[in-house]
Amino acid sequence: MNGDVKRSYEYAIGCFKATSRQPLSPEQWQRLKSADRSGAEKLLAEFGFPAVTDECSAVDSIEKDMAATVAFIRENAPDGELVDLLFFEQDALNLKILIKAARMGKAEPDFDLAEGGTDPELLKVCAQTGDFSLLGKDLETSLSGLENITDPGELSCVIDTAFLMHSVNAARRKLSFTFARLLEEYGAGRNRLTALRLKRLGKDPADFPYAFFPENKKSEKVNDAGKAEEDIVREVSKAFDNVIGELGFDEGMGFIARYYFLKKNDAAALRLMFAEKSLGGGGTDE
């Protein structure tokens, strides 16, 4: 890392530490969970989210906060190429939507596309032509043969793997090893949860090799045989939290990736919490 880039990251990390747009603290989560839905909606505004109104639901508030978070990251992170790698899930989702539209003979998809790291128009061309060379060599290689995959589940898994591994490999090429490690831990955790879901359905994970991300050969293989489901879920969460915690001391893109994943996890947990509160009754929308 040269001096200019190091100074850029020092400034950027200072911005992220100083912003009022911080991930939720344990105390804030406790207050949200203890409140009824109406009270939780008011707490969102107190915690810096857009106010919930008749025109802006709790879900809208969460989405707007996440969009502002992405804009803040793009504005302050020194390396835009590394920032684009954060959005591998959005890119994968967009390509799935566009391929489905292309296979149905539609010029435009039925759903809005997410903001990702790859130009949606570029993805559209790839989906319509079946030529992925515009996305770079590694994605071209990973996505070759998609035209022969008809099973939606397999298609989805192959695309997910292609974009995650593209982010991992690109991060390593740019010497952002802590960022790559975070992505690898994310993939390892997803693999354990995927195996758990398949077993719950009475299926053998070995019969679905395409459903799993490649793992770092240097990493210790975890054996989940005989473990209770709740223990596996807890271990996956703890392993990812451990990496997240270590990156709090990172001086590069790893710190910014940590911030993004914490905010992203907050958004997912908030959506679930408000859905549960709605099902439970109470609040402003009864």
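Can you name the residue in region 153-176 that is free of Cβ contacts under 8 Å to residues at least 24 places away in the same chain and open to solvent by 10 Å² or more (accessible area, probe 1.4 Å) and, of all such residues, is nearest to the chain's Cα centre (by Cα)?
Within region 153-176, the match that is nearest to the chain's Cα centre (by Cα) is Arg172.
How do the pairs read when you match residues in region 61-75 that are assigned to a helix (DSSP H, G or I) with residues anywhere that are open to solvent by 60 Å² or more (accessible area, probe 1.4 Å), using Cβ under 8 Å and keeping only pairs 6 or more apart or on different chains?
The qualifying pairs are Ile62/Arg271; Asp65/Arg21; Ala67/Glu115; Ala68/Arg21; Thr69/Arg21; Val70/Glu115; Phe72/Arg21.
Examine region 256-270 for a residue that is at pLDDT 95 or above, under 23 Å from Thr194 (Cα atoms), open to solvent by less than 60 Å² (accessible area, probe 1.4 Å) and of a type in the set (Asp, Glu), and state whether such a residue exists.
Yes, that holds for at least one residue.
Can you tell me which residue within region 15-25, out of those that are of a type outside the set (S, T, N, Q) and open to solvent by 40 Å² or more (accessible area, probe 1.4 Å), is nearest to the chain's Cα centre (by Cα)?
Checked region 15-25; the qualifying residue nearest to the chain's Cα centre (by Cα) is Arg21.
Which members of region 220-232 meet the condition of being touching a helix residue (DSSP H, G or I) at 6+ places or on another chain (Cβ under 7 Å), open to solvent by 30 Å² or more (accessible area, probe 1.4 Å) and assigned to a helix (DSSP H, G or I)?
Glu229
Taking the condition over 16 Å from Gln22 (Cβ atoms), free of Cβ contacts under 8 Å to residues at least 24 places away in the same chain and over 14 Å from the mean Cα position of the chain (by Cα), does Phe274 pass?
no
Among (1) under 30 Å from Ala162 (Cβ atoms); (2) in contact (Cβ under 8 Å) with a residue 40 or more places away in the chain, where does Thr19 come up short?
Of the numbered conditions (1) under 30 Å from Ala162 (Cβ atoms); (2) in contact (Cβ under 8 Å) with a residue 40 or more places away in the chain, the odd one out for Thr19 is (1).
Could you list, in sequence order, the residues of region 245-254 that are assigned to a helix (DSSP H, G or I) and surrounded by fewer than 20 Cβ atoms within 10 Å (Cβ to Cβ)?
Gly245, Glu246, Gly248, Phe249
Mind checking whether some residue in region 265-280 is within 19 Å of Gly80 (Cβ to Cβ) and not aliphatic (A, V, I, L, M)?
no
Just wondering, is there one or more residues in region 80-93 that are under 28 Å from Met165 (Cα atoms), open to solvent by less than 60 Å² (accessible area, probe 1.4 Å), outside any helix (DSSP H, G or I) and in contact with a Gly (Cβ under 8 Å, 6 or more places away or on another chain)?
yes
Residue check: is Lys42 in contact with a Pro (Cβ under 7 Å, 6 or more places away or on another chain), in a helix (DSSP H, G or I) and without any contact (Cβ under 8 Å) to a residue 24 or more places away in the chain?
Against the criterion (in contact with a Pro (Cβ under 7 Å, 6 or more places away or on another chain), in a helix (DSSP H, G or I) and without any contact (Cβ under 8 Å) to a residue 24 or more places away in the chain), Lys42 does not qualify.
Given the criteria over 16 Å from Asp84 (Cα atoms), open to solvent by 40 Å² or more (accessible area, probe 1.4 Å), assigned to a helix (DSSP H, G or I) and in contact with a Lys or Arg (Cβ under 9 Å, 6 or more places away or on another chain), does Lys100 qualify?
yes
Determine whether Phe111 is buried (at least 17 other Cβ atoms within 10 Å of the Cβ), closer than 30 Å to Leu44 by Cα and not hydroxyl-bearing (Ser, Thr, Tyr).
When the stated conditions are applied, Phe111 does not pass them.
Just name the residue that is nearest to Leu85 (Cα to Cα) out of those in region 114-125 that are without any contact (Cβ under 8 Å) to a residue 24 or more places away in the chain and open to solvent by less than 70 Å² (accessible area, probe 1.4 Å).
Leu122
The values are calculated or read from the model by the stated rules, or taken from the named source; none is laboratory data. Since the model is a prediction, treat every value here as computed from it, not as a measurement. With ideal geometry, Cβ positions are generated from the backbone for all residues, glycine too; neighbour counts draw on all protein chains shown. For the accessible areas, the whole protein counts, side chains as well, though only heavy atoms, and no ligand, DNA or RNA atoms are used. Shrake-Rupley method; radii C 1.70, N 1.55, O 1.52, S 1.80 Å.
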